[in-house]
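Shown next, in structure tokens, is the structure this report addresses.
Here, each number is a calculation from the coordinates, and none is a lab measurement. Treat the numbers as computed from the prediction; the structure is a model and nothing was measured. Here the Cβ is made from the backbone with ideal geometry for all residues, glycine too, and neighbour counts use every protein chain on show.
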Amino acid sequence: MAKLTFKSSLEYSEATFSWIVTAGIAVILLLSSYDLWTQAVRPSVLIIALVYLLFALLQLGLAWRIRNDIARSGAIRSSTRALGYIQLLSLFSGNLFITASALHLIKRDRNTEYTLAVYTLLTGLFVIAISALNLFKPYVADTFLPAISLLLITTGFHLISLLLVARFMKGRIAAPWLSPVAILLILTSVTGNLFALLLGINLLIKIRHNGKPATAKWEEVWGKLTRSTTSMIGLFFIVFLFSMAVCSYFTFDYAMATENNYSAILQHPSLAYPLGTDNFGRCLFTRIVFGARISLIVGFFSTLIPVVIGGALGAISGYYGRRTDNIIMRLLDVLYAIPGILLAIAIIAAFGANTFNLIIALSVGAIPTYARTMRANVLLVSTFEYVEAARALGTRDLLIIIKHIIPGSLAPMIVKSTLTIGAAVISTSSLSFLGLGVEPHIPEWGNILKLGSTYLESHSYLAIYPGLAIILLVLSFNFLGDGLRDALDPKLG
Amino acid sequence: MKPAATYAKMYADPSYKYFLLLLGAPVNLAALVVYWVQRRKDAYHVLYNETHAALLESDVKLRIEAETLEQLRCKMSFFGETLSPERLRRQVESVTADKLRQQAVIETERKLERRGVSESSYVGVVQNLLARPIFFGFSLIAGILMYALMLVYSNPYVKYIFERIVMSLFVILGVSVLVFTILYLSPMNPAANILGETATDEQIAQFNRIYGLDQSYLVQLWNNIKGILTFDLGKSFAGNEQVTATIARKFPITLTLTVISLAMSVLIAIPIGILSAMKRNSFWDYSFMFIALIGLSIPSFWQGLIFILNFSIKLHWLPATYNPQNALSLIMPTVVLGTGLTAAVARMTRSSTLEVILEDYMVTAKAKGLNQRQILFRHAIRNAIIPIITVIGLQFGAMLGGSAVTEKVFNISGIGSYIVDKQFIPDIPSILGGVVYTAITISLINVIIDVLYAFFDPRIRTKMKHY
């Protein structure tokens, strides 16, 4: 019985997960702190590794304590919860897994808004921290100072709203005077901080419904999603990158990423060039930051296009059935038989390598999978009684499909598209790496990697960092997708 | 096989009816003549004509006529229409005639039922004929194609395999048309790319004539489809080599690579997935699933570069490029190629095992007193393996396509890197051949997997009996 109780405790499973991940990262860092090439130890990496190891051990102890608490009294003691404040320090080592777990441990009865407010603040802080690294550069963009002060003010406001939400938000009841705060929060989302947008919308909804669960589905989904650390961390990284992509217009200098600087060729990482420079003297760090933009754009559009086209085809063929279904699905079988990457290569071979063609090429190959998913859902939904009722009332087919069938069968599409944005990001960079993707002069992660791969022996960091960026982004989408699947439709898991 | 029964069943199946009539045209023609002859003196028709005539004479006709007139008047007044008496009369007549005919059919059938005679239909005639040894013997020679089709139809497994193969033939045809059309629409000019900027118009025209690029779309399409089916796609634009011969040389390399990494990933992933499902939410579950998620998120070219950096450049353990003579050089490419598949299969195994172990029959198995091991192997894995095989089949295709990137990283001269090398020109026959033959391989593998299901899954096997 006791065993079951602590296994079902969210705090316990989060603590376990975070110490395992942190220990894993610590081991990887430890391994890379020893340079096989020169047989020397890199002190900076070793220190970070030891910090991670320390936090992993602390977290392990904390997990053990939570387990004992629950086994003994069925609840976590306040003294154990207080220990979470120590673990909050892990934020400075950039360890979000432990930070998130600590934040959840500290507040006993947390709600969706509290979690969203925390992540709003974290996103702002991370964006400022990353942008501030530009201060070490020889020069900064003209708009750097005003932009960064605006960001600081916004983040200060986010801190205030976090405190307000933590204090005045009880359960699902929000104080009505919070609505100007909510509107301001929505306005601050122009910095790309989508958490602020979500928080604002959530607050407005709660204020409007005054504690009555009018939008049960929306609340339930966000409730479940915010309770799962991994999906929130995934969402955090995506929002962070998005916000970076927006803010970098003002805080980063595009010339650093594209213009040659022959006085700083192939420099190793330093404060001015946090990830070093490439063979043209371009700052790798700035290039990776700008690369996020193109990866997000290509990933988003090459998912959106097949979702719309495949979804429409799937809905039509599922709703009308018989001959329509047969014709559409047999034609899509043809597309389905060609592996996505090969079809993309063939399309790009025919029409040339550029971003637009890349998006089209990746989209075409993904249409059949979405059509199949949608068709299966529509087949299920169109047997429901409310669809029959609508038909009996004489509603036109098109209206039935748009108003009743598509909303009812959207959940698996959302999950699938989140999971495949990651795959699209990988395909984009793979094709760029082959010279078939984004134009070579644009700083895109695959392009940066392709360039770095020629310096693998002497300057391996040129190939390692862009790859890490790709992995983190794809991993985030996979985390988010898994979380969405659990939140939207537990049966899919 | 009972030819008569099979014929009747196929005749009722709309997707086979026309093939049956077409392939057995001589037999069907003969049967049709017999049918027409029989129809004349058939009991049904004689009786029907009698009944119909009797009805025309009786007062039933007058009653129906009056009824119809009344109905039409009501209808007209409701819709506010006016019809000339002439047209009204004609409408009444035609409706009445229809109704009388229906009435006659019903009455005839009632009478026949009383006597125990059935209506003679075309299928009935054929069935009767086939039961006669002489006709059957003749039809065997004349309708040999039809009997072949009937043989296929009569066995559910054979029919299923046959349909699956026909379907993939259409898919292969579609793939060829699609890929060729994409390449045909290309605004690129291979002639100018190969001959260089200094090429004159005559040289370009000459090049286009040699490779048939000046012909119309349909002619080129036909030639290419014929080429794909006869394994003769002509010579490549650059390098002047036989396309199919080159593909035949490069394809086995890719296939070996994929098969080895497939075997490796299945051997690793399935035990991991089962272990994670059995020890849900434990340390091992978290670790394995986190690693699997990273495996899904890692771009293969980056993984390849990191492997080369660590194991070849720094440690000197493994060679950085592939060499057919050196088995050690296979390790890194297969691991890189198999990572995504391993991750996907491990995740799928976990979720499908989790689903299975919550089923009622697992409780039954436990209640029967089976031990953990028997439950796992006899009941859990056997049921969980079906969706896993589907994922493996799907991923195998992705792997064949995705091998292009891995091959480029490790400098392997497989089909993937061949297509990538040829796309800059674009070398139409080479790309077409590479993509289409890969798609054909994938389709064939999917057919084999589907057919294996039909044999091994008892649930599908039962369904097949009614197929």
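Each of B:Val405, B:Val420 was scored by other Cβ atoms within 10 Å of its Cβ. Listed from fewest to most, they are B:Val420, B:Val405. Across q = 0.15, 0.21 Å⁻¹, the range B:163-306 modelled as identical point scatterers on its alpha-carbon atoms has Debye log10 I(q)/I(0) values of -0.97, -1.30, in the order of the q list. Here the range B:345-414 and the range A:321-396 have alpha carbon centers that stand 26 Å from each other. Along the charge dipole of the protein assembly as shown, which of B:Leu370, A:Val364, A:Phe144 sits closest to the positive end, that is, farthest toward it, with unit charges on the beta carbon of Lys, Arg, Asp and Glu (+1, +1, -1, -1)? Working it through, the farthest residue towards the positive pole turns out to be B:Leu370.
When shorter helices are ignored and each DSSP H run of at least 4 residues is given -39500 (n - 2.57), the per-residue value for chain A at 222 nm works out to -24000 deg cm²/dmol. Simple rule: put +1 on each Lys or Arg Cβ and -1 on each Asp or Glu Cβ in chain B, find the dipole, and look at B:Phe455, B:Phe162, B:Gln103; the Cα lying farthest toward the positive end is B:Phe455. If you bin the C-alpha pair distances of the range B:243-424 every 10 Å from 0, what whole percents do you get? With a bin width of 10 Å, the distribution comes to 10, 31, 29, 18, 9, 3, 0.
Counting only residues at least eight positions apart within a chain, or on another chain, the aspartates and glutamates with an alpha carbon under 14 Å from that of B:Lys368 are B:Asp360. Taking packing as the residue-averaged number of other Cβ atoms within 10 angstrom, the listed peptides B:197-207, A:89-99, A:471-481, B:307-317 run from highest to lowest as A:471-481, A:89-99, B:307-317, B:197-207. By its C-alpha gyration tensor, with a ≥ b ≥ c as the square roots of the eigenvalues, how is the protein assembly as shown shaped: rounded for a/c under 1.5, else prolate for a/b larger than b/c, else oblate? Verdict is prolate for the protein assembly as shown.
Students often forget the sequence filter, so: which aspartates and glutamates lie under 19 Å Cα-Cα from B:Lys235 once same-chain residues fewer than 8 apart are removed? Within the straight-line cut-off, B:Lys235 pairs with B:Asp214, B:Asp421, B:Asp427.
By the count of neighbouring beta-carbon atoms within 10 Å, fewest first, B:Tyr217, B:Tyr160, A:Tyr455 end up ordered B:Tyr217, A:Tyr455, B:Tyr160. For the range B:3-155, the C-alpha radius of gyration divided by 2.2 N^0.38 Å, with N the number of residues, is 1.50.
Here the relative contact order of chain B, from alpha carbon pairs under 8 Å that lie six or more residues apart, stands at 17 percent. Calculated mean residue ellipticity, 222 nm, chain B: -25500 deg cm²/dmol, from DSSP H runs (n ≥ 4) at -39500 (n - 2.57) each, averaged per residue and rounded to 500. Only aspartates and glutamates eight or more places from B:Lys366 in sequence, or on another chain, were considered; those with a Cα closer than 20 Å are B:Glu355. In chain B, the longest principal axis of the Cα atoms and the axis of helix B:144-154 are about 80 degrees apart. Under the convention that each Lys and Arg Cβ holds +1 and each Asp and Glu Cβ holds -1, the size of the dipole of the protein assembly as shown around its Cα centre is about 3080 debye. Structure note, pairs B:Lys9/B:Lys226; A:Lys217/A:Lys403; A:Lys224/A:Lys416; B:Lys250/B:Lys314; B:Lys226/B:Lys250; B:Lys226/B:Lys422: Cα-Cα distances above 25 angstrom occur for B:Lys9/B:Lys226; B:Lys250/B:Lys314. When B:Arg101, A:Arg293 are arranged by Cβ crowding within 10 Å, least crowded first, meaning fewest neighbours, the order is B:Arg101, A:Arg293.
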